[in-house]
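The values are calculated or read from the model by the stated rules, or taken from the named source; none is laboratory data. Fair warning: this is a prediction, and the values are worked out from it, not measured in the lab. Cβ sites come from the backbone with ideal geometry, for glycine too, and all protein chains shown count toward neighbours.
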Amino acid sequence: MTLTVLNPATEQPIAELEQAGIEELDEAVSRAEAAFPGWRAVSVADRARLLRRLAGLVEEHAEELARIESQNVGKPIAGARGEVAMVANVFHFYAGAVDKHHGETIPVDGGVDVTFREPLGICGLIVPWNFPLNIASWKLGPALACGNTVVLKPAELTPLSALRLAELALEAGIPEGVLNVVVGPGRVVGQRLVEHPDVAKIAFTGSTEVGAGVMRGAADTIKRVSLELGGKSANLVFADADLERAAAAAPYAVFDNAGQDCCARSRILVQRTVWDRFVGLLVDSTAGVRVGDPSDESTEMGPLISAQHRETVSSYVDGNVVYRGNTPEGPGFWFPCTLVEASNDDRVAREEVFGPVAALIPFEDEAEAIALANDTPYGLSGSIWTRDGARALRVARAVDTGVLSVNSNSSVRVATPFGGFKQSGFGRELGMHALEGYSEVKNLFLSTEA
Ligand code: TXE
């Protein structure tokens, strides 16, 4: 069975690949199993050195990787370059973390108690199509640093950057079998990876629906699971905020990556007393988003990933459309930047649209802002815009999400933990926190009695 990979900006094929089935997946797990004893035994300094070499190769091949990602996902090239730079930084960070992820000595009677961080074994990494290489690196960095071997399953729509990264890992000197990439359908090879008795952990990023299936599938073998799922994050704009700054930044928190971002602040909650002024500013700044050819250096938003996804996204646009932008003519899965006035009960405000559609919702006061922000099954990210520092802290503590920012919309940094509350999943990626999810604590007591 072959897989035709498309460029979503042109709808033209860019690659034809053989798809793996169950047999090939099982072979990849066997390779990872065979490589595990050797990889966990690689000295700490050498493991760090190999990860650092991989980071260096990602930097050397940054332009090539950015072009692959831009063509395969339809991402603007400038954004793709930033993502590849982050991939290199992720490997640099985990190279530095290898010898800082250590156990403890615990005071006990009659001896000494120490803990060790042991690798889990084989980790199955299942990643989506929105940030293929970035999200793969967030899992690969800590998994490899802890001494695990991996089977990485990219999304069917976007397998190209993962395949290239695996080649670079070999070039860096990471032994054969440590990083295995399997391209194939999620419901076949992904499912098998989840159920495979020799796989110790699944790290999954994708839809909440498939994530629930991953949990169920992992139950029979008591696999460790970490899930990074959907979001419906709130951007809370209080009347005392710097409205110009908040309005200038808000479009990029929803329309970046054409809205195909789990952290998208796709509910913009605005205090009613400044509603008219803020919405006016927001329409102006949204009109300034440059939509077009992803290979153009100045483009800020490209197309959606597929025709089918465009159908889904368009199904959310009804009700009071406040603004609808333009898109290029001709081929490509284009969808305009769209602002919709909504209530928090509308479908556009409840479900993850995963496209460039923002729901604008008014609130009266701080209590209602918090209630609306929390009135969602998700809890991934969010923003609070206010000049009142005490309010910023009060609201931040009250909003049930894993990642928040004040007077900013950025959530993702190499050194800081990333992950969700509620149905946005569990487990943390990035920073030192991610290492917890790829290691097991072993407790050892040594008697000192004579
Ligand atoms: O995700 P899937 P899709 C949300 C977003 C989007 C929707 C659908 O709302 O519109 O999900 O996207 C693999 N066992 N997010 O269909 O299906 C699949 O091959 C094991 C949000 O692409 O969840 C891919 O590698 N694996 C999210 C990965 O799971 C399976 C990012 C994700 O695919 C599988 C992506 C199975 N049974 C989508 N079925 C975010 N918030 O970042 C599929 N897969």
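Annotations for the structure displayed:
- Criterion applied to R187, R192 was being out of contact with any helix residue (DSSP H, G or I) (no Cβ under 6 Å at 6 or more places or on another chain), of a type in the set (D, E, K, R), within 16 Å of the ligand (Cβ to nearest atom) and part of a helix (DSSP H, G or I), and the one residue passing it is R187.
- Identity of the residue in region 385-414, charged (D, E, K, R) and part of a loop (DSSP other than H, G, I, E, B), that ends up surrounded by the fewest Cβ atoms within 10 Å (Cβ to Cβ): R387
- Residues that are touching a residue at least 40 places away in the same chain (Cβ under 8 Å) and farther than 23 Å from G82 by Cβ within region 315-340 comprise Y316, V317, V322, Y323, P331, P336, L339, listed in sequence order.
- Pairs where the first residue, in region 20-42, is buried (at least 20 other Cβ atoms within 10 Å of the Cβ) and the second is of a type in the set (S, T, Y) and at pLDDT 95 or above, C-beta under 9 Å, 6+ apart: A32/T149; A35/T149; F36/T149; W39/T149
- Residue within region 379-393 that is modelled with pLDDT of 95 or more and within 30 Å of A95 (Cβ to Cβ) present: yes
- Residue in region 168-180 that is over 19 Å from the mean Cα position of the chain (by Cα), assigned to a helix (DSSP H, G or I), within 13 Å of the ligand (Cβ to nearest atom) and within 22 Å of A434 (Cβ to Cβ) present: no
- Scanning region 252-281 for residues that are away from the ligand (no atom under 16 Å from the Cβ) and in contact with a Leu (Cβ under 7 Å, 6 or more places away or on another chain) gives I268, L269, V270, V274, R277, F278, V279, L281.
- Test for F255: is it among the aromatic types (F, W, Y), in contact with a strand residue (DSSP E or B) (Cβ under 7 Å, 6 or more places away or on another chain), closer than 30 Å to N72 by Cα and part of a helix (DSSP H, G or I): yes
- Between A287, A241, the distinction of being in contact with a Gly (Cβ under 8 Å, 6 or more places away or on another chain), of a type in the set (G, A, S) and away from the ligand (no atom under 16 Å from the Cβ) belongs to A287 only.
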